[in-house]
1. Return the only residue of Asp206, Asp241, Asp192, Asp231 being among the charged types (D, E, K, R) and under 21 Å from the mean Cα position of the chain (by Cα).
2. Determine, yes or no, whether Ala174 is without any contact (Cβ under 8 Å) to a residue 40 or more places away in the chain, of a type in the set (A, V, I, L, M, F, W, C) and under 22 Å from Asp208 (Cβ atoms).
3. Residues that are over 28 Å from Leu13 (Cβ atoms), of a type outside the set (D, E, K, R) and touching a Gly at 6+ places or on another chain (Cβ under 6 Å): does the range 40-62 have at least one?
4. When you scan the range 285-337, how many residues do you find that are within 22 Å of Val260 (Cα to Cα), in contact with a Lys or Arg (Cβ under 6 Å, 6 or more places away or on another chain) and not small (Gly, Ala, Ser)?
5. Consider Ile42 against the criteria (1) surrounded by fewer than 19 Cβ atoms within 10 Å (Cβ to Cβ); (2) part of a helix (DSSP H, G or I): it satisfies all of them except one. Which criterion is unmet?
6. What are the pairs, 6+ residues apart or on separate chains, where a residue within the range 302-323 that is assigned by TED's automatic domain parsing to the domain that holds Pro269 and modelled with pLDDT of 90 or more has its Cβ under 6 Å from a residue that is aliphatic (A, V, I, L, M) and part of a helix (DSSP H, G or I)?
7. Looking only at the range 141-164, how many residues end up being closer than 16 Å to Val260 by Cβ and either at pLDDT 95 or above or in a loop (DSSP other than H, G, I, E, B) (or both)?
Amino acid sequence: MRTFAFLFNPIDLKHIREFWPITRLMPDFFIKAFLKNQGFKITHLKSFKSAQDKEIQGYFIVSPLLPEHAGEFDEELVLDKIITASYLARDLGADLLGLGGYAAVIADKKPMLHKHLKTPVTSGTSFTAWSVIEALHRMAKVKNIDLKKSTLTVTAATSSIGSLCARKLAASFAKVILNAKHNDKLETLRQDILQLNNVEVQIEEDVDKAVKEADIIIAANIGREPSFNMDGVKANVLVLDICLTRHISGKNNHRPDISVVEGGIVKLPLTPHSAINVGLPKDMVCASMAETMILTFEERFTTCSLGENINLDKLEPIADLAVRHGFEVFVPGAAGL
């Protein structure tokens, strides 16, 4: 049976306590210090079947790093953890290593990292971006938003997922606003979009200004703090939250006029499979893990979806494979579309 491994971080302290039961006896303030000295936790996921009746098995390689603490860690430390995880994956018999959370972000910044790994690797960026794009179109249909008359703002637009979304969606909108910290990369992205699309593209480094006139916002930030002030956005705006900390979808109680959708969630094929706990509702996984599983079902064991400027041509093939094997993008509030 073909095997995958997936490196990921628990999403919160409740999730941490699932993998490190001893922390249930610890006060919250002590857990962070405790985790710094912990190694990986490995969990065997017995089997999964696809709609094509193919069967695979997997392993969680759980890193003791919460998304909210990610910015405090040196990138070299994270890279070392990825390399160590690849050795573990090889020893577990994994044919492919998938990366989630902060590990995926760092790996995309260092695409030559794969040369130091013991297994092929994917950051899952292609299918994650596709899932966000799919969620956007479905929610726009629910809310009767005419994209051709609308403005899209992408925060962290120069990130791998932000860039893919901006480049793929630009043709559907009247205007695109790109927000990130690095102006040189923003201008390169702007020119890439303009070469392929007849659309107005604006650069805005101030995130609060960038979201002010948006009708739809894709928030792809990885930092600990909220990426923008929700009080500054227009009424009835649609926000797709793919931030590592999910701080927007988790703290949107004071603006009921705003629709916030947590992006990058995928429903597993409707066939018997082992119990799985990634901090999401039953039968749901993050899109990066779904991509890892899809590639394993297909026995495509080559490094995939790695880098900050992934080719748009990778989006539709992975989406087609997802449909073939029975994976479905999950969009709360858009069921049946």
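The values are calculated or read from the model by the stated rules, or taken from the named source; none is laboratory data. Computed from a predicted structure; not experimentally measured. Methodologically, a virtual Cβ is constructed for each residue, glycine included, from the backbone with ideal geometry; neighbour enumeration extends over all protein chains shown.
1. On the way: Asp206 fails: under 21 Å from the mean Cα position of the chain (by Cα); Asp192 fails: under 21 Å from the mean Cα position of the chain (by Cα); Asp231 fails: under 21 Å from the mean Cα position of the chain (by Cα).
Going through Asp206, Asp241, Asp192, Asp231 in turn, just one is among the charged types (D, E, K, R) and under 21 Å from the mean Cα position of the chain (by Cα): Asp241.
2. On the way: without any contact (Cβ under 8 Å) to a residue 40 or more places away in the chain: yes; of a type in the set (A, V, I, L, M, F, W, C): yes; under 22 Å from Asp208 (Cβ atoms): yes.
The answer is yes for Ala174.
3. Yes, that holds for at least one residue.
4. Residues meeting the conditions: 4.
5. Of the numbered conditions (1) surrounded by fewer than 19 Cβ atoms within 10 Å (Cβ to Cβ); (2) part of a helix (DSSP H, G or I), the odd one out for Ile42 is (2).
6. Close Cβ pairs (under 6 Å, with a partner that is aliphatic (A, V, I, L, M) and part of a helix (DSSP H, G or I)) amount to Leu321/Ile294; Ala322/Ile294.
7. Step one: of the range 141-164, the residues closer than 16 Å to Val260 by Cβ are 142-143, 145, 152-155.
Narrowing the set further to residues that are either at pLDDT 95 or above or in a loop (DSSP other than H, G, I, E, B) (or both) leaves 143, 145, 152-154.
Matching residues across the range 141-164 total 5.
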